[in-house]
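Okay, structure first, notes after.
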């Protein structure tokens, strides 16, 4: 990276690190931490809000007066945006279910949602809005920018070593990197920072609701490996299901005029028999894959079959993703029917059924994208 870009990003990170290292000490001196502990079930969400709101204000002011980095909030269909940020609804439902099962205070849960949103705003504004945006604005490639911003996002979590075990911190750093890549891709796909904020917030809400704390309780390296496979797989799908949004993203951040691009489908895509035959074959594969996937998941609990079973699961997951990507792109099916983005193996057959029943009709063989 050029020196000016490195200095700018370094300054952004320095502000975050200094704040994270100092605000707890300041609150302790002011007696705020002792007061928060008296709030019972409300202590966790209030603690989160007290930690996140000041850094949000600081970053907003510093960007307004010094960095002046453009943040994208372009119009994007809301439900389509939730589909792209696929874990958003799932994470929220998991958090709600755990809250109801554990009979937690629902008022504190609502406040916790606000706290989770504050975390999402603070971290997404910094890493996707400012850092990723700066790299793209200065001419860096999308791949390079996503890798760098995601690496820095993961690395910043190393600061949690001051209040949680070393192993948990290492795993959290490893877990955060692919999560950062997926959040970056959601921003690129939607051209709107709101969606990665929502996805990030609900992911944190789920983690806090399940574990009862904002500190990492993850102790499984296997879970991190699975995270890389699933998150990076989803990131690849979301980007390459429609490459035009990538061009729009870089064009907008660099202040250039958007161009209309004609997309021509392959000649074989005109053949209805080929299209239906491949769709039926994909449905058959998907149904069998679900049975195998469930069976392998059950086998995963057996220690003697752990390594081979995980490898088989990964192969199945990637082959399913590859097949559905080909089907979608080759025939240019409507993006709003990408049910399989939620669960690549299970969702695939759902999409294929929609395609066969005419609900997910192919577009014209030539279309123009903005």
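The values are calculated or read from the model by the stated rules, or taken from the named source; none is laboratory data. Please read all numbers here as calculations on a predicted model, not as lab measurements. Every residue, glycine among them, receives a Cβ derived from its backbone with ideal geometry; neighbour counts consider all protein chains shown.
Taking the conditions exactly as written (buried (at least 17 other Cβ atoms within 10 Å of the Cβ), in contact with a helix residue (DSSP H, G or I) (Cβ under 6 Å, 6 or more places away or on another chain) and at pLDDT below 75), does residue 279 satisfy them or not?
Details: buried (at least 17 other Cβ atoms within 10 Å of the Cβ): yes; in contact with a helix residue (DSSP H, G or I) (Cβ under 6 Å, 6 or more places away or on another chain): yes; at pLDDT below 75: yes.
For residue 279, the condition - buried (at least 17 other Cβ atoms within 10 Å of the Cβ), in contact with a helix residue (DSSP H, G or I) (Cβ under 6 Å, 6 or more places away or on another chain) and at pLDDT below 75 - is met.
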* Right, residue 98: touching a helix residue (DSSP H, G or I) at 6+ places or on another chain (Cβ under 7 Å), crowded, with 16+ Cβ neighbours inside 10 Å and under 25 Å from residue 43 (Cβ atoms) or not? -> yes
* Can residue 286 be described as on the phi > 0 side of the Ramachandran plot and either outside the structural domain of residue 192 (by TED's automatic domain parsing) or at pLDDT 75 or above (or both)? -> no
* Asked: Would a scan of the stretch 84-104 turn up a residue that is without any contact (Cβ under 8 Å) to a residue 24 or more places away in the chain and under 18 Å from residue 196 (Cα atoms)?
  -> yes
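Hey, which of the helices (runs of 4 or more DSSP H) in the stretch 42-134, taking only ones fully inside, have at least 2 residues that are at pLDDT 90 or above and assigned by TED's automatic domain parsing to the domain that holds residue 181?
Working: elements: 43-62, 78-84, 87-101, 106-124.
Filter on the stretch 42-134 gives 43-62, 106-124.
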* Asked: Is it true that residue 226 is assigned to a helix (DSSP H, G or I), at pLDDT below 90 and buried (at least 19 other Cβ atoms within 10 Å of the Cβ)?
  -> no
* Structure fact -> Residue hits (the stretch 138-158; more than 17 Å from residue 124 (Cβ to Cβ) and in contact (Cβ under 8 Å) with a residue 12 or more places away in the chain) are 138, 139, 140, 142, 147, 158
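Does residue 13 satisfy the criteria of being exposed (fewer than 12 other Cβ atoms within 10 Å of the Cβ), part of a helix (DSSP H, G or I) and touching a residue at least 12 places away in the same chain (Cβ under 8 Å)? Even if it seems obvious, please write down each step before you answer.
Details: exposed (fewer than 12 other Cβ atoms within 10 Å of the Cβ): no; part of a helix (DSSP H, G or I): yes; touching a residue at least 12 places away in the same chain (Cβ under 8 Å): yes.
Here the answer is no, as residue 13 does not meet what is asked.
Residue-wise test of (1) out of contact with any strand residue (DSSP E or B) (no Cβ under 9 Å at 6 or more places or on another chain); (2) buried (at least 24 other Cβ atoms within 10 Å of the Cβ); (3) assigned by TED's automatic domain parsing to the domain that holds residue 133.
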| residue | (1), (2), (3) |
| --- | --- |
| 166 | yes, no, yes |
| 170 | yes, no, yes |
| 174 | yes, no, yes |
| 184 | yes, yes, yes |
| 191 | no, no, yes |
| 194 | no, no, yes |
| 202 | yes, yes, yes |
